[in-house]
Amino acid sequence: MQQFNKFKEFNFRIRQGEVESDLKGMMISIANASQFGNNAKIAPEADTNDGKANITMVRKMKLLQLPYFAYKVFDGTIAHSSFAQLVKSEKVTITCENEMPLHVDGEVAGFATSFEITAHKSTLRLIIP
């Protein structure tokens with residue numbers, strides 16, 4: 001709990017085409033499916049076949065607000081939280097002042113100051129017997 005209270009938001013810039021926004025947050029999630037796992041819906045409107053990446057930016061909150069935010073994540077209404085901003089786009093660039101950790105499917109994958117995300121429509125095909 002002490003670490004949560006000490007955590008500082010980071011400044012980042014998100015660019016979608018010609019539109020740029022300067023924001024602050026404690027987490028950015030890039031998804032093409034709605035769930036993290038365990039039914040945690042970080043991007044409830046995500047569609048794996050629409051060719052768009054779903055970016056959820058989470059602002060810092062007080063520790064006492066965290067349970068309510070978690071409830072919003074698990075019941076699929078995170079978009080109605082004042083601590084989350086959701087963006088859907090085919091191509092997004094995220095830059096930040098300091099290196100941020102990158103996690104891929106829950107595993108640490110390095111650090112970077114810039115991330116470019118491009119979604120491709122219907123590129124993963126599965127055969128289900």
Taking only pairs six or more apart or across chains, which ones have beta-carbon atoms under 8 Å, a first residue in the range 114-129 that is among the charged types (D, E, K, R), and a second residue that is outside any strand (DSSP E or B)? Lys121/Asn49; Lys121/Asp50; Lys121/Gly51
Among the residues of the range 61-82, is there at least one that is in contact with an Asp or Glu (Cβ under 6 Å, 6 or more places away or on another chain) and either touching a residue at least 12 places away in the same chain (Cβ under 8 Å) or assigned to a loop (DSSP other than H, G, I, E, B) (or both)? no
Could you tell me which residue of the range 1-57 is farthest from Phe69 (Cα to Cα), considering only residues that are assigned to a loop (DSSP other than H, G, I, E, B) and among the acidic types (Asp, Glu)? Glu18
Collect the residues in the range 94-112 that are β-branched (Val, Ile, Thr) and either within 23 Å of Gln16 (Cβ to Cβ) or touching a residue at least 60 places away in the same chain (Cβ under 8 Å) (or both), keeping them in residue-number order. Ile94, Thr95, Val104
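Taken together, the values in this text are just the output of simple stated rules run on the coordinates, not laboratory data. Here the structure is a predicted model, which is why all the values come from computation and not from measurement. We place every Cβ from the backbone using ideal geometry, glycine too, and count neighbours over all the protein chains shown.
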